[in-house]
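The values are calculated or read from the model by the stated rules, or taken from the named source; none is laboratory data. Values in this document were obtained by computation on a predicted structure and should not be read as measured data. Note that we place each Cβ from the backbone using ideal geometry, even for glycine, and neighbour counts take in every protein chain shown.
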Amino acid sequence: MNAITIPSAVHTRLRSAGVPAHAWVVAIHLLVDTDEAGWRTCHALADATLMTTHQIRQSARALDRAGLIERDRRYANIDGRKTTTTSYRLKDGTR
């Protein structure tokens with residue numbers, strides 16, 4: 001497994017915010033595995049981390065309370081059903 005170096009600014013923000021460990025996993029995935037604009041959907045994060053979407057949303061809430069991420073909600077038509085999709089990215093464009 002390759003090592004991931006967390007930028008010191010992000011590491012400091014996560015430590016000072018006191019977010020739980022599962023939120024660190026989401027934050028690290030947002031550092032290394034996003035689209036070119038830095039966004040990642042809830043379902044893609046769940047697939048990549050082997051967490052449930054509920055756990056991803058809990059982690060995202062913890063990161064949002066700490067002011068570390070941005071959320072983008074959009075309507076989507078999936079299999080003929082109207083639903084919402086949520087994407088996340090770290091604030092300040094830190095990747």
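Please work out if Thr5 is surrounded by fewer than 13 Cβ atoms within 10 Å (Cβ to Cβ), modelled with pLDDT under 85 and not basic (Lys, Arg).
When the stated conditions are applied, Thr5 passes them.
Name the residues in the stretch 53-95 that are closer than 24 Å to Pro20 by Cβ, of a type in the set (Gly, Ala, Ser) and assigned to a strand (DSSP E or B), would you?
The answer is Ser87, and nothing else.
List every residue pair whose Cβ atoms sit under 6 Å apart, with the two residues 6 or more apart in sequence or on different chains, where the first one lies in the stretch 5-25 and is in contact (Cβ under 8 Å) with a residue 40 or more places away in the chain and the second, anywhere, is part of a loop (DSSP other than H, G, I, E, B) and among the small types (Gly, Ala, Ser).
If the second residue must be part of a loop (DSSP other than H, G, I, E, B) and among the small types (Gly, Ala, Ser), the pairs left are Ala17/Ala66; Val19/Ala66.
Any chance you could count how many residues in the stretch 26-41 are aliphatic (A, V, I, L, M) and either in contact with a strand residue (DSSP E or B) (Cβ under 6 Å, 6 or more places away or on another chain) or crowded, with 18+ Cβ neighbours inside 10 Å (or both)?
Matching residues across the stretch 26-41 total 3.
Determine if the stretch 38-46 includes at least one residue that is in contact (Cβ under 8 Å) with a residue 12 or more places away in the chain, in contact with an Asp or Glu (Cβ under 9 Å, 6 or more places away or on another chain), part of a helix (DSSP H, G or I) and closer than 15 Å to Arg89 by Cα.
Yes, that holds for at least one residue.
Just a yes or no: is a residue in the stretch 47-60 basic (Lys, Arg), surrounded by fewer than 16 Cβ atoms within 10 Å (Cβ to Cβ) and more than 16 Å from Ile6 (Cβ to Cβ)?
no
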